[in-house]
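Below is one structure; the comments refer to it alone.
Nothing in this text is a laboratory measurement; each read-out follows from the coordinates by a stated rule. This is a predicted model, so every value here is computed, not measured. Glycine also receives a Cβ, built like all others from the backbone with ideal geometry; neighbour counts cover every protein chain displayed.
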Amino acid sequence: MEEMACQELVEVVTDYLEGVLGRDEALRLCQHLAVCTSCDMYIKQVRATIRTTASLPPETPSAAVEKQLTDVYRQWLANRDTQ
Amino acid sequence: MMTEVDLQALRRGDEAAFLNLVNSYHSVLVRLARAYSPNREVAEESVQETWIAVLRGLDGFEGRSALRTWICHILVRIARRRSMAETRSMPFSSFGAEDDSSPAVDPDRFQRSGPYLGHWVNPPPDWATVPENALLSQEVQDVVAEAIAELPRNQRLVITLRDIEGWSNAEVCDLLEIEDGNQRILLHRARSRVRSALERYFAPGVVAIKK
């Protein structure tokens, strides 16, 4: 089996992390990782990127937005009840 | 996630139940809307219009899809329509570059010939010294948020749903009406670009110039 080049690895890393890489490809990737500290670092960076992305704080509605939406709801109830 | 019982409360006129629903979906709705909107105000208008449509359609919701897919689908339809109306009045669409097929890493960083063809010339810097709490600091989160905001729209939508909101690939495909393979390509490009942005941030000297 031909050795995986670093340039190839960086393009299949998402398939690998998604668990959809074929068996042979996954084997080539693992064999490459065992001897390439740079690619090992690269995958760690991708994983770190995913962790940071997942940590982004949620958007919360401002008091003004909550007020507007409460009005939307009241309006809907009022319209519904008059029908 | 909302249950049938909660929807009953909504129909009964339970304001607290409605605000509970609003709060639990606000984040994903605003994030999706922002991918279609020039600013936060327009995005929030789309969210408001979505809630009006959700309430109107409540009795028609048959639970065939998950409630959140249904609500987000309404938002996407509204935000898309608004964005099309707006871009029509602009000389050139500001949302381009969807056909972007740039590689995950600049080709100049690999050997171009010889026995080590395709191996690193300029490898990624070691992040082993970057502590986890630095990775999760607000400053780094801002770098990531900014990189995501600059992505082409479909990449932005996919990484938002998969990596920020934690949706499954199947649900993302369902909402955006794309094939799983396409979803994965968009996710790959998005993650690669965000990683590059972090690499530039952590090691500005090494890889600063290339974009």
(message) Return the residues of segment A:5-23 that are more than 9 Å from chain B (Cβ to nearest Cβ), surrounded by 15 or more Cβ atoms within 10 Å (Cβ to Cβ) and either free of Cβ contacts under 8 Å to residues at least 12 places away in the same chain or farther than 18 Å from B:Leu187 by Cβ (or both); say none if nothing qualifies.
(response) A:Leu21
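Just checking, which of B:Gly166, B:Gly181 is under 15 Å from A:Glu18 (Cα atoms) and more than 15 Å from the chain's Cα centre (by Cα)? Please lay out each step first, then the result.
Working: B:Gly166 fails: more than 15 Å from the chain's Cα centre (by Cα).
Result of the check over B:Gly166, B:Gly181: B:Gly181.
Which ones in segment B:2-48 are more than 20 Å from the chain's Cα centre (by Cα) and in contact (Cβ under 8 Å) with a residue 24 or more places away in the chain? Working first, answer last.
Quick first cut of segment B:2-48, residues more than 20 Å from the chain's Cα centre (by Cα) only: B:2-21.
B:Met2, B:Glu4, B:Leu7, B:Leu10, B:Arg11 - these are the residues of segment B:2-48 that are more than 20 Å from the chain's Cα centre (by Cα) and in contact (Cβ under 8 Å) with a residue 24 or more places away in the chain.
Give the number of residues within segment B:63-82 that are charged (D, E, K, R) and in contact (Cβ under 8 Å) with a residue 24 or more places away in the chain. So that I can check it myself, show each step before the final result.
Initially, segment B:63-82 is screened for residues charged (D, E, K, R), giving B:64, B:68, B:77, B:80-82.
Then drop every residue that is not in contact (Cβ under 8 Å) with a residue 24 or more places away in the chain, which leaves B:68, B:80, B:82.
Counting residues in segment B:63-82 that are charged (D, E, K, R) and in contact (Cβ under 8 Å) with a residue 24 or more places away in the chain gives 3.
Kindly indicate whether A:Tyr73 is within 7 Å of another protein chain (Cβ to nearest Cβ), touching a residue at least 24 places away in the same chain (Cβ under 8 Å) and not aliphatic (A, V, I, L, M).
Working: within 7 Å of another protein chain (Cβ to nearest Cβ): yes; touching a residue at least 24 places away in the same chain (Cβ under 8 Å): no; not aliphatic (A, V, I, L, M): yes.
In short, no.
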(message) Restricting to segment A:1-23, give me the number of residues that are of a type outside the set (D, E, K, R) and in a helix (DSSP H, G or I).
(response) 9
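Hey, among the residues in segment A:24-58 that are outside any helix (DSSP H, G or I) and surrounded by fewer than 17 Cβ atoms within 10 Å (Cβ to Cβ), which one's farthest from the other protein chains (Cβ to nearest Cβ)?
Among them, the one singled out is A:Pro57.
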